[in-house]
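A.B. asks: Take this structure, written in structure tokens, and hold onto it; I'll ask about it next.
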Amino acid sequence: MRLEPIANPSLVRRVGLPAAALALTVLMASLLALLAGANPFATLGLIVKGAAGSKFALLETLNRATPLIFTGLAVAVAFRAKLWNIGAEAQLYAGAIVTVLLGTGALPLPSALLLPVIALAAMVAGALVLLGPVLLKTRAGVDEVVTTLLFNFIMLLFVSLLLEGPLKDPMGMGWPKSPALEKAARLPRIVEGLRLHWGFALAILSALAVWVIQTRTTLGYEIRAVGLNAEAARFAGIPVGRVMIKTAVLSGGLAALAGFSEVAGLKGNLTLDLSPGFGYTGIIVAMLALLNPLGVVLSAIFVAGVFVGADSMSRAAGVPTYIADILTATALLTMVLAIRLTRTKIRWR
Amino acid sequence: MAPETGAEVVLRLDGITKRFGPLLANDAISFGLGKGEVIALLGENGAGKTTLMNILFGHYTADEGTVEVFGRPLPPGHPRAALAAGVGMVHQHFTLADNMTALENILLGTRPLLAPRLGARAARAKVARLSRDFGLAVHPDARVGALSVGERQRVEILKALYRDARILILDEPTAVLTPQETSALFETLRKAVAQGLSVIFISHKLGEVMEISSRVLVLRHGRLVGEVATADTDRHRLAEMMVGAEIAAPRLSERAPGPALLTLSEVDTPRRGNAPGLRGVTLALRAGQITGLAGVSGNGQTALAALIGGLETPVRGSMELDGAPPADWSPRAALAAAIARIPEDRHRTGTVADFTLTENAVLESYADAPFSRRGWMNWRAAEDFARRIIATYDVRCPGPAARIRLLSGGNMQKLILGRALEAEPRIILANQPVRGLDIGAVTFVQNRLIAARDKGAAVLLISEDLDEVMALSDVIHVIYEGRLSPAFPRGTMTPAGLGGWMAGHGFGPEYTRGGADAA
């Protein structure tokens, strides 16, 4: 078997292969629905309806997409520089902790001032969490995949410690949760009465900002150069270590905004189940988007839709929600393969 | 033309054609190799030599055409079949395990895994006999990692002979050898031929082709454009056949050297992996002078280039720019000191393959005005710059927005050269600037370097090609195991003389760290 690159892939290849990938994903889900004893068409229909069938469903999907856009951007920014940040989960919780610390009455500021201050502080915290592993990488050559991954568990235990101790809500009937945010620290809804908060708008703005940084600024150029060829970048005088650190600050900060947005926009307090693995799902989101920051928005909405739709389908059709995990996993694998095959031809001897 | 009449044909290629997309790498190539014959396969880089040999050896499958060895067709796409039929290949880059002995490397893959000691004595005897018969002196129990390049090549040849190869293919075998090692290799090849082996010798060095081959096949753009008996031709005619046009050798005019712009005195740098560091190097790069650095690769050229390019700092001794040591030393500091760098590896170090020409053009200057202002890129200015380089340095490309990986090595090198020279450097570090380029590009790059020298730049030319160093340099140093020979002014040394220094003769007693450490 031999792989040969294609310089100018045909339209059939560029459209047909991703379509085939989607078809394969749907087929996979149908088989699983059959296995669970349900009608596959009805199951898929219910997922689509549950994700986008009503105004409520759509807003729920966008709500769920919000943290995924942030963590997806965090991963996309870091991976662009070949900085393998697997620790968006930890950075998310760092942002959430800061949001609770500053949002429960510590700062007597009006909402318009308080929210930006908290968001900024959350970003600093997320950046600091990623800074440790990155300094270890640039100074001592320690593999950041391991350190950032392990930080997730450390952070989760730390949150648990806080919720059982200093941050425990005295009015919480013994549940491990933090006190609720004051009103001024809550992100308002975009439209009164509908469950979509300003965190979503912030996520879209962040995606645009990352896109501008990557394509228009000197830092973006440096990040791309370091990611594509660190040896050439170093030779050309690009300070590779410093670029890595700036990338880490950006990536950690974005992931922390997911925590800020979830606490201040949706939950109102911090619990141990704030994130059902948004940090890890962010990796899927970023890969599906081929690390393109604007693509991250679309892929986050897609992934969120699959999860929200599967939740609602599960209640109606009795097919387990695990189908959502399998759907996103299949979609990722087939899409990545399809996009690779768009530019590559396989020759069997 | 067939091989000499009467000789048995051991290998016949018939109508070999291979396409890579739109590129016709081999176009209906046919020839025969006679028993006891050395044929040279001559051609520029990209002419199709390596593709042809890869087809012969089964690494690639030809689109059309057949290969016959000893009268039997060779099944396409099976390297093992070629080996079994008696074809042995010595690659340009060796395929040896450094942590095993020479003998172990030779036996590797010839014996079943579960009987490692079986027949070891017989094998040792066979290797000893082969190295005696063919003049391939190698200590069988030496670790390959500790062997010199010439010795490693001998191990590779022994490996092929041990497998009873009757046809030897040598891909650019002399690229890494000193002149003395090259003559030893030729001695071996003559012995092999006398014993009825046949050899295909791939090269673009005309002198060697004239010396060793009996027939020359010339490839150009994938086609066999010439086939002549070596006795009936000369270097000049071969060169013309290779490039298809008359070529002019670079000319160096007399010029009085200016002041030293960069001096090194007694500099040591640390060893990096397998690459030796510098040991007590003293060197002056003068304005309006090309300083040539000759030497077998892996003798400290990389360390010297890294030091001057800003990637390395001396651990002992001093470096001075215009008579003063630099405050800090980094690639950026080197660029700020108007040092232009043409790196050894244009693919890995010189360019970012997936960047456009524009993005690559500003790789060293992206942070300066007009390309960057307050952290924002000015892509219009960058593109104008790229267009200027493309026009001035004759970079053949689809346009500044094309990714540089689409360019040929020569055009890539022209972009790097343009990027370096447009900054109006005072010092130019050219590390293997023409390696792998076709003759047209070689002439272009060399003339640009000479023009920069004539305008007063100090040029350090590092090359493994002795002819190039001798043709272009005002003064020549030889580097050997991190040590530098004295400076030899132009015209005072013969190739043989320099070859002696390249092999390590003439250097003083083993260099040890100077006075302070000893005391």
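A.B. asks: Using unit Cβ charges (K, R positive; D, E negative) and no other charged atoms, how large, in debye to the nearest 20, is the dipole of the protein assembly as shown about its Cα centre?
C.D. replies: Dipole about the Cα centre, nearest 20: 1580 debye.
A.B. asks: Also: Short version: ³J(HN,Hα) in whole Hz for each residue of segment A:240-252, in order, from phi by Karplus 6.51 cos²θ - 1.76 cosθ + 1.60 (θ = phi - 60°), x for Gly and Pro, what are they?
C.D. replies: Result, ordered by residue: 4, x, 5, 5, 4, 5, 4, 4, 4, 4, 5, 5, x Hz.
A.B. asks: With both partners inside segment B:85-207, how many of the DSSP beta bridges are antiparallel, as a percent to the nearest 5? Kindly include the intermediate steps, with their values, before the conclusion.
C.D. replies: Values: 1 of 10 bridges.
Counting only bridges with both partners in segment B:85-207, antiparallel ones make up about 10 percent.
A.B. asks: Could I ask something else about it? Defining a contact as two alpha carbons under 8 Å apart and six or more residues distant in sequence, what relative contact order in percent does segment B:97-164 show?
C.D. replies: 52 percent
A.B. asks: Moving to a separate point now. Can you give me the Rg/Rh ratio for the protein assembly as shown, using Cα atoms for both radii and the Kirkwood formula for Rh?
C.D. replies: A ratio of 1.04.
A.B. asks: Could you work out [θ]222 nm for chain B from helices alone, using -39500 (n - 2.57) per DSSP H run of at least four and dividing by all its residues? Round to the nearest 500 deg cm²/dmol.
C.D. replies: Computed ellipticity for chain B at 222 nm equals -9000 deg cm²/dmol.
A.B. asks: Who wins for biggest fluctuation among A:F307, A:F235, A:F200 in a Gaussian network model of chain A, springs between alpha carbons below 10 Å?
C.D. replies: A:F235
A.B. asks: Here's something else I'd like to know. Return the sequence-ordered ³J(HN,Hα) values of segment A:289-306 in whole Hz as given by the Karplus equation 6.51 cos²θ - 1.76 cosθ + 1.60 applied to θ = phi - 60°, using x for Gly and Pro.
C.D. replies: 7, 6, 6, 7, x, 6, x, 4, 4, 5, 5, 5, 5, 4, 5, 4, x, 4
A.B. asks: Here's something else I'd like to know. In terms of the Cα gyration tensor, with a ≥ b ≥ c the square roots of its eigenvalues, is segment A:269-333 rounded because a/c is under 1.5, prolate because a/b exceeds b/c, or oblate?
C.D. replies: In terms of gyration-tensor shape, oblate.
A.B. asks: Additional query: Quick query: amide H of B:A40 versus all other amide H atoms, modeled in the peptide plane; which residues come in under 5 Å with a sequence gap of 5 or more or a different chain?
C.D. replies: B:F201, B:S214, B:R215, B:V216, B:L217
A.B. asks: Percentage of Cα-Cα pair distances in segment B:97-164 greater than 15 Å, rounded to whole percent?
C.D. replies: When every Cα pair of segment B:97-164 is considered, 46 percent fall beyond 15 Å.
A.B. asks: Distance between the C-alpha centers of segment A:144-222 and segment B:61-108? Whole Å please.
C.D. replies: Each part's Cα centre sits 60 Å from the other's.
A.B. asks: In whole Å, largest first, what are the principal axis extents of the Cα atoms in segment B:346-424?
C.D. replies: Over segment B:346-424, Cα extents along the principal axes are 35, 23, 21 Å.
A.B. asks: With everything on Cα atoms, drop me the angle between helix B:379-392 and the longest principal axis of chain B, reported from 0 to 90° to the nearest 10.
C.D. replies: The angle comes out at about 60 degrees.
A.B. asks: Give the whole-number value, in cubic angstrom per residue, of the convex hull volume spanned by the C-alpha atoms of segment A:66-292. Numbers along the way, then the final one.
C.D. replies: Details: hull volume 27.9 nm³, N = 227.
Convex hull volume per residue, Cα atoms: 123 Å³.
A.B. asks: Kindly express, to the nearest 10 degrees and within the range 0 to 90, the angle between helix B:120-133's C-alpha long axis and the longest C-alpha principal axis of chain B.
C.D. replies: On a 0 to 90 degree scale, this one is about 70.
A.B. asks: Under the rule of at least 5 residues apart or a separate chain, name every residue whose amide H is placed under 5 Å from the amide H of B:G277.
C.D. replies: It is B:R271, B:R272, by chain and number.
A.B. asks: Additional query: Could you work out the Rg to Rh ratio of segment B:225-362, with Rh taken as the Kirkwood radius (inverse of the mean 1/r over all Cα pairs)?
C.D. replies: With Rh from the inverse mean 1/r over Cα pairs, Rg/Rh is 1.09.
A.B. asks: Starting from the Cα gyration tensor of segment A:1-159, multiply each eigenvalue by 5, take the square root, and state the resulting semi-axes largest first in whole Å.
C.D. replies: The equivalent ellipsoid of segment A:1-159 has semi-axes of 38, 27, 17 Å.
A.B. asks: Another one. What Rg and what Dmax come out for chain B when only alpha-carbon atoms are used, in angstroms?
C.D. replies: Gyration radius and largest Cα-Cα distance of chain B: 24.8, 77 Å.
A.B. asks: For chain A, modelled as a Gaussian network with Cα springs under 10 Å, which listed residue fluctuates most, A:M171, A:M28, A:M244?
C.D. replies: A:M171
A.B. asks: Tell me, what is the 1.4 Å probe accessible area of B:M493, in Å² to the nearest 10?
C.D. replies: 50 Å²
A.B. asks: Further question: From Cα coordinates alone, what are the radius of gyration and Dmax values for segment B:116-242 in angstrom?
C.D. replies: 16.7, 54
A.B. asks: Next question, about the same structure. Given just the C-alpha atoms of segment A:89-182, how large is their convex hull per residue in cubic angstrom?
C.D. replies: Dividing the Cα hull volume of segment A:89-182 by its residue count gives 95 Å³.
A.B. asks: If B:H221, B:H59, B:H347 are ordered by their accessible area, calculated over protein heavy atoms with a 1.4 Å probe, which sequence runs from highest to lowest?
C.D. replies: So, going from the largest accessible area down, we get B:H221, B:H347, B:H59.
A.B. asks: Given only helices, namely DSSP H runs of n ≥ 4 each adding -39500 (n - 2.57), what is the per-residue ellipticity at 222 nm of chain A, to the nearest 500 deg cm²/dmol?
C.D. replies: Mean residue ellipticity at 222 nm (helix-derived): -24000 deg cm²/dmol.
A.B. asks: Across segment B:478-488, in residue order, what do the Karplus-derived ³J(HN,Hα) couplings come to in whole Hz, using 6.51 cos²θ - 1.76 cosθ + 1.60 with θ = phi - 60° and x for Gly and Pro?
C.D. replies: Per-residue couplings from phi come out as 10, 10, 9, 6, x, 10, 10, 6, x, 7, 10 Hz.
A.B. asks: Given a cut-off of under 8 Å on Cα pairs at least six residues apart, what relative contact order in percent is computed for chain B?
C.D. replies: Numbers: 1006 pairs, mean separation 75.9, N = 519.
The normalised contact order for chain B reaches 15 percent.
A.B. asks: At a 1.4 Å probe radius, which order do A:D311, B:D164 fall into by accessible area, largest first?
C.D. replies: Of A:D311, B:D164, the descending order of accessible area is B:D164, A:D311.
A.B. asks: Only Cα pairs under 8 Å and at least 6 apart count here; give the relative contact order of segment A:268-326 as a rounded whole percent.
C.D. replies: Numbers: 26 pairs, mean separation 11.5, N = 59.
Relative CO of segment A:268-326 lands at 19 percent.
A.B. asks: Measure nothing fancy, just the Cα-based angle from helix B:179-194's long axis to the longest principal axis of chain B, in degrees from 0 to 90, nearest 10.
C.D. replies: Taking Cα atoms only, the helix is inclined about 10 degrees.
A.B. asks: When every alpha-carbon pair in segment A:194-349 is counted, what percent end up more than 24 Å apart?
C.D. replies: Result for the distance tail: 49 percent.
A.B. asks: Excluding residues on the same chain fewer than 8 positions from A:K177, give the lysines whose Cα lies under 19 Å from its Cα.
C.D. replies: Here the lysines satisfying the reach criterion relative to A:K177 are A:K168, A:K267.
A.B. asks: Need one number: % antiparallel among DSSP beta bridges in the protein assembly as shown, to the nearest 5. All intermediate terms of the calculation are to be shown ahead of the outcome.
C.D. replies: Working: 48 of 84 bridges.
Antiparallel bridges: around 55 percent, rounded to the nearest 5.
The values are calculated or read from the model by the stated rules, or taken from the named source; none is laboratory data. None of these values were measured; they are calculated from a predicted model. Positions of Cβ are generated from backbone atoms using ideal geometry, with glycine treated the same way; all protein chains shown enter the neighbour counts. For the accessible areas, the whole protein counts, side chains as well, though only heavy atoms, and no ligand, DNA or RNA atoms are used. Shrake-Rupley method; radii C 1.70, N 1.55, O 1.52, S 1.80 Å.
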